[in-house]
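Novice: Provided herewith is a single structure, encoded as structure tokens, for subsequent inquiry.
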Amino acid sequence: MRHLDSVNDNFPIVIVGTLSFPAIILSLQIRISCNRVNRLMVASTIAGRFIRPTTMYFATFRPSSVFNGAVLFCFAHYDLSSNPPIWQLSRIKTAATAFLRHGYLLTSHHHINELRRHNQTTLACMLPEQVMHKIFIACAQSAIEDFENNDWSWVNVSYVCSTWRRVILECQDFWRYVDFSDPRWHAVTLGRAKMSSLHIITTVTENNIRLLHRSLQLAHRIQDIHLKSSIENIYPLLDILAHPNPALESLIIDIHLPKGNGPVSGFDPPSFPTTGPLLKNLKYLELHHTPFYLLTSRCTSLTHFHLHDLPHSERPTLRYFLFMLEQLKNLRFLTLDRAFPINIDVDDVKALERPIRLPRLETISLVGSVPEIANILECIIIPSSTHLVCKIHTLSDIKDNVWKLTESLSSHSWGEDVGSQLETLVISGSESCPRYKDGVVPNPDFHQSLRIRAFRAEFGRGGAAIDITICPEKYDSSDHGIITAASAIWRALPLTHIHTLALQDFDIVTQKTWSPFLRTLPSLRVLDITGRAPSGLVWALLLNARFYGQGLKRDSEVQRLLVPRLNDLYLHNVDCSSGGYMVAAGAAVNSHFDLDDSRFLDVLVACLNIRRKFGLCLRSLSIARCDYVLRSTVIAARKTVSYLICDCRNVEKDEDVNSFFPARYSSGCDVTNSKSRHYHRLRTLLQLDSES
């Protein structure tokens with residue numbers, strides 16, 4: 001279809017044949033999609049008298065972007081002397097087929113041979129059949145991906161060319177994906193599937209509900225069911241989905257709720273019993289916005305159970321919820337995404353005789369509020385090797401429930417067994433946009449999140465042992481909630497064996513909070529900093545080393561040095577001129593208008609210089625691809641470490657620094673406005689030390 005390669009998706013092309021004589025009108029309408037070349041429908045209508053054509057011409061042109069369609073005219077010269085008039089339909093079919101396949105009329109077998117030789121040199125035409133099988137099956141599986149546009153059929157792939165059709169007809173697995181887009185394709189695929197186990201993957205519409213109900217009820221064997229549906233269309237299928245085919249291995253039901261429609265009002269209680277023979281083959285169950293009764297007592301063989309967005313009207317009591325989970329002795333992967341039981345409070349948890357045990361659980365994923373996550377963790381006993389994935393989506397109740405989070409996390413032995421200790425801690429921050437607009441106006445679109453991941457020594461197999469994300473969905477201009485939640489998580493985790501700490505765009509924690517953080521890391525050897533500069537961290541190390549030296553001079557109680565085993569420090573893509581934020585009693589955490597103009601790298605070098613006096617000299621310091629690195633600071637850093645690696649491309653001179661505003665800030669705040677108050681803590685501290 002060389003002449004049609006610029007046609008847009010669902011672009012109509014009309015071939016019209018006319019006579020000056022009112023004898024016959026021929027119209028051939030073709031629907032072609034460039035994105036999905038398999039969508040091709042040919043409809044022809046013939047009316048009037050039949051007269052034998054002697055010559056046929058096709059004129060083609062590329063459609064203009066101005067028009068919504070293109071018309072291709074074909075004129076026919078007819079021999080009116082022939083008697084009787086004969087319509088040679090086979091010739092028309094041959095010519096139309098050649099035109100659709102090659103863009104022009106077929107004139108000789110020589111042309112066919114040329115095209116075949118051309119195809120043999122094209123990589124796309126030389127794919128192995130095994131690769132083509134995978135592509136065709138992926139095409140069949142993609143029938144459910146687009147919920148809005150479900151009017152096309154993947155079966156048309158088999159009509160693109162003879163080679164594809166032969167490969168598809170020989171691929172029995174392809175026909176196991178029953179097509180519900182049209183009754184005729186349903187009959188074709190179901191007939192060719194024969195007695196094989198079926199894959200029912202489709203979007204439920206008003207046109208295919210009956211086909212689906214009949215297939216789900218009468219099919220000999222069904223291996224997989226994956227349905228996307230509106231809440232109105234899923235109702236007639238709930239009874240059959242609660243009693244699925246005994247051979248079923250995987251069941252995924254995703255009820256689509258349009259945005260702005262509000263919460264689901266609720267499903268009617270089942271009018272049918274949910275008991276019956278065990279579904280021994282059912283291993284995978286995933287439910288989105290569905291009634292909870294689809295998880296029945298027959299599903300005892302589940303290894304994967306994922307429950308998403310359970311409507312509040314469908315949420316079970318805590319006791320019944322835990323009773324159903326306890327039946328899943330083989331469960332390996334559990335997801336509860338905004339799908340927690342009701343009446344889950346402290347009294348309800350204490351009323352339980354004992355927590356349930358899931359001995360084979362490998363990963364548990366929880367998305368909810370702080371009390372929901374904390375209480376579920378208290379109700380379940382899981383192995384120490386289990387991977388914990390949590391996402392806290394609201395901090396509105398963090399103040400009254402932060403202790404629950406610490407208690408529930410610490411009640412599990414995450415990485416405390418010999419050989420499975422946590423050795424690497426990665427903390428990543430993220431911001432959706434600058435915190436301020438126009439320098440002083442808080443940005444209502446600003447959202448930030450914090451992700452804490454802890455890895456075992458063998459983290460290459462299975463990812464992080466603990467992966468907790470604090471991501472409040474509502475706008476909050478303060479950092480206090482995230483810092484409070486991070487502190488609770490930090491206190492609960494066993495971090496005594498942490499060897500490497502990696503910080504990525506993590507600059508909201510203050511010096512006051514960093515000090516207790518660092519006391520839990522006695523074995524820290526490597527510190528890796530990327531992105532935004534953590535000024536609070538270097539200030540915590542600097543003040544700790546300074547107080548330690550003062551204690552030695554006065555023969556008084558000496559404060560313990562933080563991270564005494566730190567050997568290597570790496571800086572990547574850090575703005576070394578970043579400033580910090582002052583903290584005042586009664587003021588908001590990280591007041592972005594009380595600014596500390598002490599540059600990050602200057603504070604770090606001052607800290608390393610004091611620690612070197614106590615025999616805590618760093619083995620190496622690496623400064624790679626960092627911005628605004630002062631030459632004088634690099635020279636001072638050489639004296640504080642054994643090995644210094646510095647990327648000299650971004651080194652600048654001291655005279656290039658603005659003496660009035662030496663530091664930079666990433667929040668978008670205008671540091672030159674009248675509301676901002678500027679301080680220089682490092683300069684003041686060095687002056688006090690020189691005077692003493």
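Novice: If you check residue 413 against the conditions, is it modelled with pLDDT under 90, in contact with a helix residue (DSSP H, G or I) (Cβ under 9 Å, 6 or more places away or on another chain), polar (S, T, N, Q) and open to solvent by 40 Å² or more (accessible area, probe 1.4 Å)? Step through it out loud before you land on a result.
Specialist: On the way: modelled with pLDDT under 90: yes; in contact with a helix residue (DSSP H, G or I) (Cβ under 9 Å, 6 or more places away or on another chain): no; polar (S, T, N, Q): yes; open to solvent by 40 Å² or more (accessible area, probe 1.4 Å): yes.
No.
Novice: Same structure, new question: Any idea how many residues of segment 566-578 are open to solvent by less than 10 Å² (accessible area, probe 1.4 Å) and under 11 Å from residue 598 (Cβ atoms)?
Specialist: Count: 1.
Novice: Out of segment 294-340, which residues are assigned to a helix (DSSP H, G or I) and within 18 Å of residue 249 (Cα to Cα)? Walk me through how you get there before you give the answer.
Specialist: Here is the first cut: in segment 294-340, the residues assigned to a helix (DSSP H, G or I) are 294, 312-314, 318-326.
Across segment 294-340, the qualifying residue is only 294.
Novice: Out of all the residues in segment 641-655, which are under 11 Å from residue 622 (Cα atoms) and among the basic types (Lys, Arg)?
Specialist: Correct list: empty.
Novice: Of the residues that make up segment 429-445, is at least one open to solvent by less than 20 Å² (accessible area, probe 1.4 Å), of a type outside the set (Phe, Trp, Tyr), outside the structural domain of residue 596 (by the TED database) and not in a loop (DSSP other than H, G, I, E, B)? Don't jump to the end; show me each part of the working.
Specialist: Initially, segment 429-445 is screened for residues open to solvent by less than 20 Å² (accessible area, probe 1.4 Å), giving 429, 435, 439, 443.
Narrowing further to those that are of a type outside the set (Phe, Trp, Tyr): 429, 435, 439, 443.
Going one step further and asking which of them are outside the structural domain of residue 596 (by the TED database), we end up with 429, 435, 439, 443.
Next, from what is left, pick out any that are not in a loop (DSSP other than H, G, I, E, B): 429.
Yes: segment 429-445 contains one or more residues that are open to solvent by less than 20 Å² (accessible area, probe 1.4 Å), of a type outside the set (Phe, Trp, Tyr), outside the structural domain of residue 596 (by the TED database) and not in a loop (DSSP other than H, G, I, E, B).
Novice: Find the residue count for segment 581-623, including only residues that are surrounded by fewer than 15 Cβ atoms within 10 Å (Cβ to Cβ) and at pLDDT 90 or above.
Specialist: 2
Novice: Of everything in segment 264-293, what is open to solvent by less than 20 Å² (accessible area, probe 1.4 Å), in contact with a Phe, Trp or Tyr (Cβ under 6 Å, 6 or more places away or on another chain) and in a loop (DSSP other than H, G, I, E, B)? Give them in sequence order.
Specialist: Within segment 264-293, 291 is the sole residue that qualifies.
Novice: Also: Can you tell me how many residues within segment 516-544 are free of Cβ contacts under 8 Å to residues at least 60 places away in the same chain, open to solvent by 20 Å² or more (accessible area, probe 1.4 Å) and farther than 21 Å from residue 686 by Cα?
Specialist: Count: 9.
Novice: Does segment 658-670 contain at least one residue that is open to solvent by 100 Å² or more (accessible area, probe 1.4 Å) and assigned to a strand (DSSP E or B)?
Specialist: In the first step, residues of segment 658-670 are kept if they are open to solvent by 100 Å² or more (accessible area, probe 1.4 Å); the result is 660.
Right, trim to assigned to a strand (DSSP E or B) and you get none.
No, the conditions are met nowhere in segment 658-670.
Novice: Now for a separate question. Inspect all residues belonging to segment 642-653 and state whether any of them is of a type in the set (D, E, K, R), modelled with pLDDT under 85 and either part of a helix (DSSP H, G or I) or open to solvent by 100 Å² or more (accessible area, probe 1.4 Å) (or both).
Specialist: yes
Novice: In addition: For segment 500-531, what are the residues that are assigned to a loop (DSSP other than H, G, I, E, B) and hydrophobic (A, V, I, L, M, F, W, C)?
Specialist: Narrowing segment 500-531 to residues assigned to a loop (DSSP other than H, G, I, E, B): 505-510, 520-525, 531.
506, 508, 509, 521, 524 - these are the residues of segment 500-531 that are assigned to a loop (DSSP other than H, G, I, E, B) and hydrophobic (A, V, I, L, M, F, W, C).
The values are calculated or read from the model by the stated rules, or taken from the named source; none is laboratory data. Being a predicted model, the structure only gives us computed values, none of them experimental. Cβ: placed from backbone, ideal geometry, glycine included. Neighbour counts: every protein chain shown. Ligands, DNA and RNA are excluded from the accessible area calculation, which covers all protein heavy atoms including side chains. Shrake-Rupley method; radii C 1.70, N 1.55, O 1.52, S 1.80 Å.
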